[in-house]
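Every number here is computed from the coordinates shown, using simple stated rules; none is lab data. As the structure is a computational prediction, the values presented were derived from the model and not from experiment. Heads up, the Cβs are rebuilt from the backbone with ideal geometry, glycines too, and the neighbour counts pull from every protein chain shown.
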Amino acid sequence: MERNRLERFPRPAQPVGSSKSARPVRADVERVAPHKHCSECGKEIGLKDEYSSKECEKAHKDRQAAKKRQLLLVYFGGVALFALAMLLLLSGGR
Ligand SMILES: [Zn+2]
């Protein structure tokens, strides 16, 4: 019993001095004042702003609109498919 405890390996000593390269940018990022990033290009902007420029705002909104249009298309496609299925069911069910 006693001997087993004594035979445990001691922890290997950690090399000291290499901690600088271990944590590169993280600390720097956390030190920066609160800010936001442009929704379009990811550039740093003020807290009150949404985009870094008018172009970014337009591009982002265009993309959102396109996405919405696509979603609507999928939605109506699904509804049309459903209606078609119901029609077939009702006409052939009897
Ligand atoms: Zn931007």
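At 7 Å along Cα-to-Cβ for each site, give me the label-to-label distance between A65 and L84 in nm.
If labels sit at A65 and L84, their model points lie 3.0 nm apart.
Please give every one of the lysines within straight-line cross-link reach of K36, meaning a C-alpha to C-alpha distance under 21 Å, and leave out same-chain neighbours fewer than 8 residues apart.
In chain and number order, the partners are K48, K54, K58, K61.
At R0 = 35 Å, how high is the FRET efficiency between R31 and S53 if r is their beta carbon distance? Nearest 0.05 is fine.
The pair R31/S53 has a calculated efficiency of 0.85.
Could you calculate, for region 26-93, the ratio of the Cα radius of gyration to the Kirkwood radius, expressed as Rg to Rh? Intermediate results must be reported in sequence, preceding the final value.
Working: Rg = 22.2 Å, Rh = 15.7 Å.
In region 26-93, Rg relative to Rh is 1.41.
Using the Karplus curve 6.51 cos²θ - 1.76 cosθ + 1.60 with θ = phi - 60°, what ³J(HN,Hα) values do you get for each residue of region 63-68, in whole Hz, with x for Gly and Pro?
Calculated HN-Hα couplings, in order: 5, 4, 5, 4, 5, 5 Hz.
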